[in-house]
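The values are calculated or read from the model by the stated rules, or taken from the named source; none is laboratory data. Being a predicted model, the structure only gives us computed values, none of them experimental. Neighbour counts run over all protein chains shown; Cβ positions are idealised from the backbone, glycine included.
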Amino acid sequence: MVTRRLAGLLLRAAARRWPAELRADLVREWDAELHVLAGRGERWRMLRFAASLATSRAGAPVLDRAVPHRRLRRTAAVLLLAPPACVAVVVLAAVVMSLAYATLDFRVAWATAVQLPLWSGLTAAAGVLLALLVTRAARRTVRTGPLATALGVVLPVALTVTVVFTAFAGRGEQGLPGTVPGLLLWLALLVSALWGAGLLARRGRTRLAWAVGVLGALVAADAAVVLAVVSAIPSAPAGPVAEGLPPDTVDRVSAPLWLLTCWTDSSLGLPRPTAWERFLITDRVLVEPMFYLACTPYVVAYTVAAARPAPAAEPAPEPVPSPA
Amino acid sequence: MHAPYVEFRYSAGMRLTIPVAKVLSALLADPEAPRYGLDLMKLTGLPSGTLYPVLHRLQAAGWLAADWEEVDPVAAGRPARRYYRLTGEGARAARLALAELRALAPDGGTSRGGAEPAGAPAW
């Protein structure tokens, strides 16, 4: 019974690969053959029969088989190359910021204050440029369901993060273990946000999809920063406080602002976080928020572009009545 | 196996591959006999995923006709099967195509194994 059901599922999956007008007859024909095999108790042959149909090329009209393969390669290239490009964006922005700081340091008093905003601004600008490139490439990538797209976008990001942070593990005080919970939370929430954005984009609600994607990604990044800070810095003094220095604590009341604090090194005119708290926060999470910033434009842009219905049907291939 | 000759050979608008030649050969063994999918799989040794696309393309080219078995599924205790048969044009074109292929083969059409019907290619 299970074999029959499994074979039936495979047959229906196989039928979906054939032209719509042929599917009903094909399923009827294959079901009849399955019935014969089932009657003979040939379970293994049933499965082979169905699996072969499900995994082999479909019949005419013969499409240009190179097109799906090209799309698949392009999709893989875009999704695998974009996250390392985000790392490059963060590094490049940091280098430019350092050069700018070296130039400004002896000339203006506000050189230190603009360090982080400059880094964030450059990262965001480069991230948007990357998103434009990715959106352009997404027109010719594989289109699949919103969840699969979200996972397809986020998993290479996770892979890149793993490789990069493993390479740098142990160099900071926190090391990799201190970074992992925040990153995992970011990735998990990012999948949810992109899934929602993809669902909306698929229904043609592009603006709402963008809003959900961007806001969701910001919430994901904010939550990741909050988790990283909360797990590392207490809210009340845990030990003796050095004379003349404020305690190494961060009041949780300003937690929602910590992501912006990391990007701007500012409290946005609010009493919290204080200058000392800002120092503690940015000392604890410095690179991660920049990586989130670099990734956000492209992940949302790709998800919306890939989920959006095609603007026009692709030209139908000429019918080729001959076997391939 | 003479794949280089077979893969790119066209006959009457039909691109002849080894699976196509096997199917035509099996059908030509008894052109009047209707064949169903499992039957053809057994005769040709082709898996279902290869056979059905070939059958469909032969149909599209007009070489093959397909009809549903006239049977009462309730009385028979099974669904109706789909039977395939070469059309008159298909039988003529298939014989010609296979003969051409056999002539192109380096060994001049010597049959291997002896299982093929008369006029069938040597595979």
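Tabulated values for the structure
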{"read-out": "Residue match in segment A:162-180 (condition: touching a residue at least 24 places away in the same chain (Cβ under 8 Å) and closer than 27 Å to residue A:268 by Cα)", "value": "yes"}
{"read-out": "Qualifying residue in segment B:53-62 (condition: at pLDDT 90 or above and touching a Leu at 6+ places or on another chain (Cβ under 7 Å))", "value": "yes"}
{"read-out": "Residue B:7 being modelled with pLDDT under 90, more than 8 Å from every other protein chain (Cβ to nearest Cβ) and under 29 Å from residue A:27 (Cβ atoms)", "value": "no"}
{"read-out": "Top-ranked residue of segment A:184-231 - restricted to ones that are basic (Lys, Arg) and not in a loop (DSSP other than H, G, I, E, B), ranked as nearest to residue A:259 (Cα to Cα)", "value": "A:207"}
{"read-out": "Where residue A:107 falls short, out of the listed (1) under 19 Å from residue A:265 (Cα atoms); (2) not in a helix (DSSP H, G or I)", "value": "(1)"}
{"read-out": "Residue among B:82, B:78, B:57 that is facing another protein chain (nearest Cβ under 8 Å) and within 21 Å of residue B:30 (Cβ to Cβ)", "value": "B:82"}
{"read-out": "Among the candidates A:36, A:89, residue that is at pLDDT 85 or above, surrounded by 15 or more Cβ atoms within 10 Å (Cβ to Cβ) and closer than 30 Å to residue A:291 by Cα", "value": "A:89"}
{"read-out": "From B:96, B:101, residue being in contact with a helix residue (DSSP H, G or I) (Cβ under 7 Å, 6 or more places away or on another chain) and either crowded, with 17+ Cβ neighbours inside 10 Å or not polar (S, T, N, Q) (or both)", "value": "B:101"}
{"read-out": "Hits in segment A:255-306 (condition: among the polar types (S, T, N, Q) and in a helix (DSSP H, G or I))", "value": "A:261, A:264, A:282, A:296, A:303"}
{"read-out": "Sole exception among (1) at pLDDT 85 or above; (2) farther than 27 Å from residue A:97 by Cα for residue A:243, by number", "value": "(1)"}
{"read-out": "Those residues of segment A:3-47 which are out of contact with any helix residue (DSSP H, G or I) (no Cβ under 8 Å at 6 or more places or on another chain) and at the interface with another protein chain (Cβ under 8 Å from one of its Cβ atoms), in sequence order", "value": "A:25, A:28, A:32, A:35, A:39"}
{"read-out": "Residue count, segment B:43-54 (criterion: within 7 Å of another protein chain (Cβ to nearest Cβ) and either touching an Asp or Glu at 6+ places or on another chain (Cβ under 9 Å) or aliphatic (A, V, I, L, M) (or both))", "value": "3"}
{"read-out": "Segment B:26-42 residues that are within 10 Å of chain A (Cβ to nearest Cβ) and closer than 19 Å to residue A:47 by Cβ, paired with ones that are assigned to a loop (DSSP other than H, G, I, E, B) and at pLDDT 90 or above (beta carbon under 9 Å, 6 or more apart)", "value": "B:37/B:81; B:38/B:81; B:41/B:47"}
{"read-out": "Residues of segment A:112-132 that turn out to be assigned to a helix (DSSP H, G or I) and either of a type in the set (Asp, Glu) or free of Cβ contacts under 8 Å to residues at least 40 places away in the same chain (or both), as a count", "value": "5"}
{"read-out": "Boolean, residue B:65 is over 25 Å from residue A:12 (Cβ atoms), at pLDDT 90 or above and more than 13 Å from chain A (Cβ to nearest Cβ)", "value": "yes"}
{"read-out": "Residue within segment A:234-247 that is of a type in the set (Val, Ile, Thr) and in contact with a helix residue (DSSP H, G or I) (Cβ under 9 Å, 6 or more places away or on another chain) present", "value": "no"}
{"read-out": "Qualifying residue in segment A:198-205 (condition: over 30 Å from residue A:76 (Cα atoms) and in contact (Cβ under 8 Å) with a residue 60 or more places away in the chain)", "value": "no"}
